[in-house]
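**Q** One structure coming up, written as structure tokens, with questions to follow.
The values are calculated or read from the model by the stated rules, or taken from the named source; none is laboratory data. Computed from a predicted model, the values in this text were never measured in an experiment. Using ideal geometry, Cβ is built from the backbone for each residue, glycine included, and neighbour counts are taken over all protein chains shown.
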Amino acid sequence: MAQSNKKNDATQFNQTSPDSESSSTRGSQRSLSNEDASRRKFLQRAVGGAVAGLATTAGMGLVGPSSALAQSTLTPEMALKELLEGNRRFVAGRLTSFEQDLAILRHHTSEKQQPFAALLACADSRVPVELIFDQSIGHIFVTRNAGNITTSEIIASLEYGAVVLGTKIILVMGHGSCGAVDAAIQGKEVPGQISALYPHIQPAVDLAGPDIEATVKANAKIQAALLRKASTAISVLVKEKKLLVLAAFYNISSGVVSLLERPGADDSN
Ligand SMILES: [Zn+2]
């Protein structure tokens, strides 16, 4: 296939080595690396022929809208790998999501979404979920509240993500220096309805307080276990190995996401 102009650069990614000259035609964009190549291979495997079609017609690379439509063929383990690899790119400062054409992504997802993963994260401004996992439009289904607590509305939302949209993994992610957890530990007098969060976090405080990080981690595991138990829709998918529900911890200083549970531990707790 001829690579006659810059617009078609993306199609080269299917066919050329990571060391190809394409970086020189891409202006200020960063050079291709082995990691990029393996990511493209991963997405190519996940999407198959659909990628080439989209890449050709839309002039996009493999990390384009195709990956937003790729979830149906991913296993939960592959979805987990994709999230963790995205986090490694974030930590290394090698984000790929901003190289994707957001206008094309919007177009391809305007009528439907098929995110491959879902998150329950804290509302904290230091936890920008898409950035942390280097994901873009249509890729991850994100629910957030202060303290990343499993409420009935959160359960309903994540059930929709898993049952209707087909997410393959749900990460319940706490983070360092969580204000909601800190307030619950201290039982602070707070205005309005803020203290409504406390009962949800108290079991973790009882288990691991007053250490904040230990309590955050305990809380993530408790909320993940609650999600697995409280939702019959989710627990069925977990039992059938079609969905992983795992607790995780985000270090706001290093940017690193670490798993607090291993795949296969879903039946515990
Ligand atoms: Zn927080």
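**Q** Given the structure, is D134 under 30 Å from S97 (Cα atoms) and crowded, with 24+ Cβ neighbours inside 10 Å?
**A** yes
**Q** Pairs needed: first member in region 240-269, under 16 Å from A214 (Cα atoms); second member anywhere, at pLDDT below 95; C-beta distance under 9 Å; at least 6 residues apart or different chains.
**A** Short answer, once both residue conditions are applied: E261/S268; E261/N269.
**Q** If you don't mind, there's one more thing I want to ask. For region 199-211, give me the residue count where each residue is in contact (Cβ under 8 Å) with a residue 12 or more places away in the chain and assigned to a helix (DSSP H, G or I).
**A** Residues flagged as in contact (Cβ under 8 Å) with a residue 12 or more places away in the chain and assigned to a helix (DSSP H, G or I) within region 199-211 amount to 7.
**Q** A follow-up question, please. Test of understanding: among T167, T143, T215, which residue is of a type in the set (S, T, N, Q) and out of contact with any Gly (no Cβ under 7 Å at 6 or more places or on another chain)?
**A** T143
**Q** Anything in region 166-195 that is of a type in the set (V, I, T) and within 16 Å of the ligand (Cβ to nearest atom)? List them, or say none.
**A** Of everything in region 166-195, those that are of a type in the set (V, I, T) and within 16 Å of the ligand (Cβ to nearest atom) turn out to be V172, V181, I185, V190, I194.
**Q** With the structure loaded, tell me whether A162 is out of contact with any Gly (no Cβ under 6 Å at 6 or more places or on another chain) and over 14 Å from A123 (Cα atoms) or whether it fails that test.
**A** It is true that A162 is out of contact with any Gly (no Cβ under 6 Å at 6 or more places or on another chain) and over 14 Å from A123 (Cα atoms).
**Q** Any idea which of A214, A156, A162 is outside any strand (DSSP E or B) and within 15 Å of the ligand (Cβ to nearest atom)?
**A** A214
**Q** What are the residues in region 121-147 that are within 16 Å of the ligand (Cβ to nearest atom) and in contact with a helix residue (DSSP H, G or I) (Cβ under 6 Å, 6 or more places away or on another chain), if any?
**A** A121, I132, V142, T143, A146, G147, listed by residue number.
**Q** Pick from region 196-211 the residues that are closer than 21 Å to E153 by Cα and away from the ligand (no atom under 12 Å from the Cβ): which of them is surrounded by the most Cβ atoms within 10 Å (Cβ to Cβ)?
**A** Going through the qualifying residues, I end up with A204.
Each row is one residue, and each column tells you yes or no for (1) within 19 Å of the chain's Cα centre (by Cα); (2) assigned to a helix (DSSP H, G or I); (3) aromatic (F, W, Y).
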position: D182; (1), (2), (3): no, yes, no
position: E189; (1), (2), (3): no, no, no
position: L197; (1), (2), (3): no, yes, no
position: A224; (1), (2), (3): yes, yes, no
position: I234; (1), (2), (3): yes, yes, no
position: V245; (1), (2), (3): yes, no, no
position: A248; (1), (2), (3): yes, no, no
position: G255; (1), (2), (3): yes, no, no
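**Q** Let me ask something else. Which residues, taken from region 95-141, are under 11 Å from the mean Cα position of the chain (by Cα), β-branched (V, I, T) and closer than 19 Å to G176 by Cβ?
**A** Correct list: V129, I132.
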